[in-house]
Structure formats: C-alpha cells, structure tokens
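Only one structure is covered here, and it is reproduced in the block below.
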Amino acid sequence: MTTTETDQEPSSTAAPGPPRPRAAITQPTLRQDAWWVGPIITVTVLVGFTVYGIWAAFRNGNYFAKPYLSPFYSPCLTDKCVDGGATPHILGGWWTWSPAILILVFPLGFRVTCYYYRRAYYRSFWWAPPACAVPDARKGYTGETRIPLILQNIHRYFFYFATIFAALLTYDAVLAFIFPGGRFGIGVGTGVLLVNAVAIWLYTLSCHSCRHLCGGGLRQLSRAPVRYQVWRRLSVLNRNHLKFAWASLLWIMVTDFYIWLVAAGHLHDYHWIA
Ligand code: FES
C-alpha cells in the first residue's frame, strides 16, 4: 500500500491548526476494561494507612524496644525512647502528648504533596479524572492553579526536610545494631529498620524535585558532567518512584507494628549478640 501525502505526519515546522473539537460521544467513557480497580485499590490502601497512622501517632507508647525506635517517633524527642538518659532528647519528660504529632508533619507533608501521590488521590478520591479517557466527576475542577491546591508547590521544600528524616532513620538503623550494654548485635528488628531506611532513601532520592534539583535549570547538561551523572542515575530511580512510594509507605507500617509488638511484649525479637 502506498502512503499518500495526506497520510503522512505533518512536518514539525507546520503551523498548528485550530484545536479539533471532541468527538460527539454520548457515553461517559468508551473504556471496556476494569479501569475502576486502580482507584479502589488506592483508596483502600490510603484509608488503611491513614487509620493505622492515626492509631500509631496517638498511642503515645510502646514505640521503643531497645535498640529499636519506631519511625513514627523518630527522632527521639522524649525520655521514653532513651536508655538511662544516655541519649540526648529535646523534650524530656514534661511533654505528655504524643511526640509523633510534632514529627509527622514533615514526612506527611512530603507524602501529601508528592507528585505521584497527588495523581493517585486526585484520581481515586476526587475522580479528577479517575482514569485515562474517563471524564472528570466534577465540572469545576481547576487543577492546581489557585488556593488551596496551588500550595502543593511547596513540595520541593518538604524535600529538604525529607532528606533530614531519611538521615535520621538511617541513624536509627545503625543504632539497631547496638544492644543493651553497648554490645553489637543483629536482630529481626535490625533488618526491619535497615529495610525501612533503604526504602525511605529510594523514595526520597527518586523524588521529582530531587531530580530537578540535580539536573534542572541547566542550559547544557554536558557542561556540568558531575550533575549530569547524578541526574542520569536519579532518573533511573525516578522511573520507579511509584513503586518506592508504595513500598516505603507499607514498610513504615510494618516497622512500627513490629516495634509495637516487641515493646508491648506480644512478640519476642530474635537476635544474636556478640
Ligand atoms: S515527587 Fe514524590 S516525593 Fe517528590
């Protein structure tokens, strides 16, 4: 079959014509597949995490089973997560509310404003739109062009705090090797906290803001070889940001739950001490 001139792609130099009107389709969508499964799973997981997070943040106890500290309560701000007062803590014993209230605003702000999570909850909770080729549930959706959604742009600033928290969780993972008496050891909890630190770093470093920070704003990447190499590697992580977002979210729950089980005496932490 020969290709006629009208079948060919328009030349890139051709002036764009007026936008074509949408096809006159009466059905809400022509999609036949189960496009609604994705939004339902997202709602289920996010609601589940929210319920768990509220319980974990407000229980204000059993968040430290030496040498393990729950990520919901890191950094250690009170004297409930130190052994014999050896570790400095900011709030001491006078703060009686849950310290997680003070801590979680930063990791939570980072997650809520994350580009990936935004897409996920706009689609699943607000149906704006719920899926590709499925129309918005509401007519008045204006995107992130005005208050309050324009505030999502503070994500890049939350990224700076997120790197601090990733470093703190790494520090907690290192402390998880130091058992009572200052002896080196490895327990199930050590592995749990290590995986948590790795998952948080993968999520943080694959952030779109991080990628832009390293490789954005340059006219020629070739003139900044170090930044180019960093950007290339971060781009690989960035392609998997969705996976890291879910994995790190679920593993935070696993980590906190494990430490709660051990601290509350419901579970024995198997470990080896040198
Ligand atoms: S885009 Fe998801 S954490 Fe930055």
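We did not get these values from a lab; they are worked out from the coordinates using the rules stated. Computed from a prediction, not measured in an experiment: that's the story for all the values here. Positions of Cβ are generated from backbone atoms using ideal geometry, with glycine treated the same way; all protein chains shown enter the neighbour counts.
What to note about this one:
- Extension gain, Trp36 to Tyr171, is 44.5 nm, computed as 0.36 nm per intervening residue step minus the present C-alpha separation.
- Descending by average beta-carbon neighbour count within 10 Å, the peptides 100-109, 230-239 line up as 100-109, 230-239, the highest first.
- The range 26-111: trypsin sites (Lys or Arg not before Pro) in DSSP loop, at most 14 other beta carbons within 10 Å: Arg31
- Ala264 versus Ile101: modelled label distance in nm, points set 7 Å from Cα along the beta carbon direction: 2.1 nm
- Based on the Kirkwood approach, the hydrodynamic radius assigned to the range 22-131 is 17.0 Å, with every pair of different Cα atoms included.
- Using a simple spin-label model with pseudo-atoms 7 Å out from Cα toward Cβ, Thr163 and Ile150 lie 2.8 nm apart.
- Restricting the range 126-165 to trypsin sites (Lys or Arg not before Pro) in coil, as DSSP defines it, with at most 12 other Cβ within 10 Å: Arg138, Lys139, Arg146
- At q = 0.12, 0.15 Å⁻¹ the log10 of I(q)/I(0) for the range 33-273 amounts to -0.79, -1.10, computed by Debye summation with a single uniform scatterer per C-alpha, solvent ignored.
- For Arg239, net neighbour charge (Lys/Arg +1, Asp/Glu -1) across residues whose Cβ lies under 12 Å away: +4
- Relative contact order (%) - criterion: Cα under 8 Å, at least six apart; region: the chain: 22 percent
- Residue-span extension gain [Trp55 to Leu108] - 0.36 nm each, minus C-alpha spacing: 17.6 nm
- Charge context of Ala166, other residues only, Cβ under 14 angstrom, K/R +1, D/E -1: 0
- Kyte-Doolittle mean at least 1.0, axial Cα span of 15 Å or more - DSSP H helices of the chain: 37-59, 155-175, 188-205, 241-263
- Semi-axes of the equivalent ellipsoid of the range 132-217 are 39, 16, 12 Å, computed as sqrt(5λ) over the eigenvalues of the C-alpha gyration tensor in descending order.
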